[in-house]
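Chemist: Sharing a structure with you now.
Read-outs throughout are calculated quantities, based only on the coordinates presented, and are distinct from any laboratory measurement. These figures come from a predicted structure and were not determined experimentally. Counting neighbours? That spans all protein chains shown, and the Cβs are built from the backbone with ideal geometry, glycine included.
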Amino acid sequence: MLMASSTLTLLTPSAYFSPSSFTPQSEASVPSSLLKSLKLPPFWPWQNRKKVKMGPLSVSPMGFGTWAWGNQLLWGYQESMDSDLQRVFNLAVENGVNLFDTADSYGTGRLNGQSEKLLGKFIKDLQGKEQGQDEIVIATKFAAYPWRLTPGQFVDACKASMERLQIEQIGIGQLHWSTANYAPLQELALWDGLVAMYEKGLVRAVGVSNYGPKQLVKIHEYLTARGIPLSCAQVQFSLLSMGEDQFEIKKICDSLGIRLIAYSPLGLGMLTGKYTRSKLPRGPRYGSSFLFRQILPGLKPLLSSLEDIAQRRQKTIPQLVMGDCSVSRLL
């Protein structure tokens with residue numbers, strides 16, 4: 001499985017937790033001098049591991065999501081952050097991360113598409129370094145906007161993303177969400193859009209995001225009939241989101257050979273153990289929301305248990321939550 005939107009992780013059929021990336025939501029407060037000198041510790045679980053297969057691609061067992069890049073409304077992004085974002089990007093690449101997830105809807109207002117633009121620029125600037133452009137795999141998601149009603153419009157969206165990313169082919173093209181519940185005819189058109197962009201060679205693989213078990217099976221059957229493999233499926237997956245649907249999707253992915261992408265593995269930061277009702281994360285996303293205040297009190301027993309286990313294992317809580325082993329094994 002893999003985790004997306006600021007955090008990405010690949011899970012194998014034998015594990016429910018796997019390495020994950022750091023989120024960019026706090027970069028504005030990170031000193032540049034620290035970013036320049038920072039090296040990831042040797043116990044990070046994706047290091048010294050072989051890449052895993054995602055369709056025809058070989059990717060790191062951890063990926064890096066870029067939802068916050070360009071999003072002023074939710075994450076408080078400012079263009080002054082770009083230099084620090086680039087250093088964080090370089091840090092990830094230097095430590096073996098080669099899978100980067102984005103979307104054409106990441107970015108707000110005049111900064112629409114900013115995430116893809118920044119990612120394209122950062123990758124282009126890697127030329128001549130240890131890991132070049134050719135080793136980076138970009139997975140981007142195409143929004144099912146109500147005005148995207150035909151396969152051709154979805155192909156045009158793919159071409160626009162390629163232009164922002166400054167690349168000639170996207171690694172993985174993904175449908176960002178399903179419209180089956182409110183616009184089933186549009187859903188079929190978008191599926192044909194995925195087929196078209198694959199057949200035209202615009203993407204090397206296709207996937208979906210935010211699909212339920214039934215629709216996941218349907219699109220897999222639809223694409224298989226067209227001779228196109230469904231390489232991946234994104235779903236929210238963490239200790240805060242482990243319901244029946246998540247496990248059913250995991251089961252389906254394992255049985256059909258689909259790589260599962262789990263996003264928000266730290267529960268938007270609530271599973272890090274560093275927040276309380278009196279100590280909340282900064283930024284517009286949290287300042288205008290009661291989400292943390294509502295959920296954190298009920299997490300005390302879980303976080304207390306995680307802290308005890310982490311101390312015994314000499315790990316941090318995030319390492320425990322997203323490590324190679326499931327919490328049940330650590331108990």
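Chemist: Given points 7 Å out from each Cα along the Cα-Cβ axis, report the SER305 to LEU73 separation in nanometres with one decimal.
Modeler: About 3.7 nm separates the two model spin labels.
Chemist: Considering the convex hull of the alpha carbon atoms of the stretch 198-285, report its projected area averaged over all viewing directions, in nm², one decimal.
Modeler: Answer in nm², one decimal: 7.8.
Chemist: Okay, next question. Hey, what's the per residue convex hull volume over the C-alpha atoms of the stretch 54-182, in cubic angstrom?
Modeler: Cα-based convex hull of the stretch 54-182, divided per residue, equals 127 Å³.
Chemist: Only sites in a loop by DSSP and with at most 13 other Cβ atoms within 10 Å count here; which chymotrypsin sites (Phe, Trp or Tyr not before Pro) in the stretch 225-309 make the cut?
Modeler: Qualifying residues, ordered by number: PHE290.
Chemist: Now for a different question. Per the Kirkwood treatment, what hydrodynamic radius in Å, one decimal, follows for the stretch 174-229 from the mean inverse distance over all distinct Cα pairs?
Modeler: 11.3 Å
Chemist: For GLN234, which sequence-distant residues (separation of 5 or more, or a different chain) have an amide H within less than 5 Å of its own amide H, given hydrogens modelled in the peptide plane?
Modeler: Amide H neighbours of GLN234: VAL208, SER209, ASN210, TYR211, ILE261.
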